[in-house]
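Enquirer: Just passing along the structure, written as structure tokens.
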Amino acid sequence: MRASLWAMAVMALGLPKRAFQLFLQYGQAETARSVAEEGLALDPANPVLYDLKSNACIFLGDYACAVDALEQVIINDPTKADTLFYVKITATA
């Protein structure tokens, strides 16, 4: 299934975190990132999708991508700045 179809299905069902866990569990980090990007094309201010994109980028070793996504999390929803956020951004910056 194309990434855009996955993105629409994931968003429609409201299961982004579980879907990403499955993608990453099966070694499909690039697909996870593509799904996040497709989802963000549909909902560009969604902090959950930016967080999930950052996780995929971390798995891919693309730390600049992870930092960019994490910055968007805070821009779109400052309340998402929890302890885990600071650990992730410190580790990837």
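Bear in mind that the values in this text are calculations on the coordinates, not laboratory data. Here the structure is a predicted model, which is why all the values come from computation and not from measurement. Quick reminder, even Gly has a Cβ in these numbers, built from the backbone with ideal geometry, and neighbours come from all protein chains shown.
Enquirer: Among the chymotrypsin sites (Phe, Trp or Tyr not before Pro) in the stretch 26-93, which ones are in a DSSP loop with at most 13 other Cβ atoms within 10 Å of the Cβ? Mind listing them?
Expert: Loop-located and lightly packed - TYR26.
Enquirer: Points 7 angstrom from Cα along the Cβ direction at LEU60 and ALA45: gap in nanometres?
Expert: Those two pseudo-labels are separated by 2.6 nm.
Enquirer: A further question follows. With θ set to phi - 60°, apply the Karplus curve 6.51 cos²θ - 1.76 cosθ + 1.60 along the stretch 17-24 and write out the HN-Hα couplings as whole Hz, x wherever there is a Gly or Pro.
Expert: Running phi through 6.51 cos²θ - 1.76 cosθ + 1.60 with θ = phi - 60° gives 5, 5, 4, 5, 4, 5, 4, 5 Hz.
Enquirer: Here's something else I'd like to know. Around PHE85, under 12 Å between beta carbons, what's the net of Lys plus Arg minus Asp minus Glu among the other residues?
Expert: Spelling it out: positives minus negatives among the neighbours equals -2.
Enquirer: Continuing with this model, one more query. Just to verify a number: FRET efficiency for THR90 and LYS17, C-beta to C-beta distance, R0 = 22 Å, to 0.05? Present the calculation step by step, with values, prior to reporting the outcome.
Expert: Values: r = 22 Å, r/R0 = 0.99.
After rounding to 0.05, the efficiency reads 0.50.
Enquirer: Per residue Cα convex hull volume for the stretch 17-85, in cubic angstrom?
Expert: On the way: hull volume 5.3 nm³, N = 69.
Value for the stretch 17-85: 77 Å³ per residue.
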